[in-house]
1. So which of LYS53/LYS127; LYS83/LYS377; LYS185/LYS377 end up more than 25 Å apart, counting from Cα to Cα?
2. When Rg is the radius of gyration of the Cα atoms in segment 363-426 and Rh is its Kirkwood radius, what does Rg/Rh come to?
3. Using a 10 Å cut-off on Cβ atoms, rank the peptides 54-62, 374-382 from the highest mean neighbour count down.
4. Using the Karplus curve 6.51 cos²θ - 1.76 cosθ + 1.60 with θ = phi - 60°, work out ³J(HN,Hα) for each residue of segment 316-323 in order, rounded to whole Hz, and write x for Gly and Pro.
5. Ranked highest first by the average count of other Cβ atoms within 10 Å around their residues, in what order do 64-70, 269-275, 409-415, 250-256 fall?
6. Show me 78-84, 340-346 ranked by packing, highest mean number of other Cβ atoms within 10 Å first.
7. With the cut-off at 19 Å, report for segment 325-435 the share of all Cα pairs above it, as a whole percent.
Amino acid sequence: MAEGIAFSIVGKLAEYTVDPVLRQIKYLFFFNSNIQDLRNKVQELENKRNDVKLQVGAAERNNEIIGEEVSAWLLKVDDLKEKAHEVLNSVAGSEMRCLFNRCPNLKSRYLLSRRATKKTIEADKLKVEGTFERVSYPRPPVQVLNLTSHQSFETRLSTKEQIKEALKDKDISIIGICGMPGVVKMSSCNAIRSLFPESVANRLVNLQILFILKCVMLEEVVSTDARENEVTKTCKMLEFPKLKKVRLVNLSRFKSFTSQSNSGVVHQTLFNQVNFPNMDLLRVDGFDCIVKLLGKEMPITSLHKLTDMRVLDCSKLLTIAESDSIQLLQNLERLRVRGCNALEVLFDFEGINVTNDDAEINMLGRLTSLWLRSLPKLVHITRMVPKEIRVFQNLKNLNVYACENLRYLFSPSIANSLVVLDFLKVSNCESIEEIIGKEEEGTLEIKTVEGMKTIIVFPNMKRLQLEDLSSIQMFCSQNYELVFPSLEDLTIEQCPEMKKLSPRPLSAPKLSKHTREHYHFFDISDLLDESGM
């Protein structure tokens, strides 16, 4: 019996000591096969993604609604592909040798092999999840005219005759044939430079959806009427009272929504002197000329219902919103910005008009999700925020990836506004030195009272991930006490310069010792105070 107990104890010891060691050693011995497995799985996942994208493209051409689970899956695949390629592109670095060029760099191989194994498992899982019963759904039925077959036939004949007459008129350059009420979709029209003359645009009171894709010569949606322009030089405000959704994709020469938007203005501005009181979705993708999104002559009621905004691959764009135009985005909830190579400041508050009373002003207070990716010149998320203004009070999710010029995310005063922030992830930002930087000159300062601690609290943050940040040294280098009362998940990976999170011990009572030791890239056990243990 004693021998049986002894064997049982030995077996358990082997299970908890030998097996984990063997698993770690396998990462070294099977380095090449793990890397090749990742390549194969990524290629299989790419093939699956292409199949799904073909189905999505066909559905969009039929004006169907893409399933949310499909859109979410495609985003996950794109994210995994980027991370997998990072691993594969780092393989060459693992070939660097140590000990006077006599042996491979075992540490690099070990880390890459383990990451490759993890990404291979994720790729395999995503491939299985990419089998959908259907990728899209028909839109709700639209208003149908109750016409008899005889009336319908007469209407078609009448329309045919009108088209013939229009084709004979030399002064008519555009002929529009309307389909679904309230919807204008145009794709791959490579000859036209504008969509509507101003006289027609003023009559589009029922337009609800505008979708323009891959029209390489298009410069504007609304052009100024030449005949009217000879009589009057005044620029009046355009309004699209029912327009809800706008998608402008791959318009490389696009300069402005209306030709009058840039009258006397050097920089190309997307929206100016135009009112969208009911727009709730805006997608801008693949612009090479636009420098600014919002002009100074936008009415205060414009865009006040906008909740979802995506700005992708706009090569000359400098900022999302600046000065008083930031107030137009008062109800914005979700913002995604990617691949804007000239973007330097996300929200620039310099020059904004604020009242002199003591009332606190909230801006961007509805924003819950902020996603920033591949912005190589981004320097500031916010700039020159006046002390009277609070921002990001309802921001829950913040994901920052591949912003190479960014040195910090927030000032201490803005960090204290992030009272509902739940998830923060910062990765592949090679210049970032800390998450919380210094206060900008002229903005609100957190004053230190003698004998009292200066505290920055993230009351709702549950997950914090810092990955592949080659220059980061601390979460905050200033003399603040950091408190994370809800933090449960902490990942610090590939941050070689990081020795501390803060000059002071931080408090994270829900971050258990077991959890901390799980992320062994960086040991923070000695940085938590007693309340954080």
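FYI, it's all coordinate maths here, none of it is from the lab. None of these values were measured; they are calculated from a predicted model. Positions of Cβ are backbone-derived with ideal geometry, glycine not excepted, and every protein chain shown enters the neighbour counts.
1. Details: LYS53/LYS127 14 Å; LYS83/LYS377 21 Å; LYS185/LYS377 34 Å.
The pairs that break the limit, which is 25 Å between Cα atoms, are LYS185/LYS377.
2. Numbers: Rg = 11.6 Å, Rh = 12.2 Å.
My calculation of the ratio gives 0.95.
3. Values: 54-62: 13.8, 374-382: 19.7.
Result, highest mean Cβ count within 10 Å first: 374-382, 54-62.
4. Along segment 316-323, the couplings run 10, 5, 9, 7, 7, 7, 9, 6 Hz.
5. Values: 64-70: 14.0, 269-275: 23.7, 409-415: 21.6, 250-256: 19.7.
By packing density, highest mean first, the sequence is 269-275, 409-415, 250-256, 64-70.
6. 340-346, 78-84
7. Details: 2673 of 6105 pairs.
Counting every Cα pair in segment 325-435, those more than 19 Å apart make up 44 percent.
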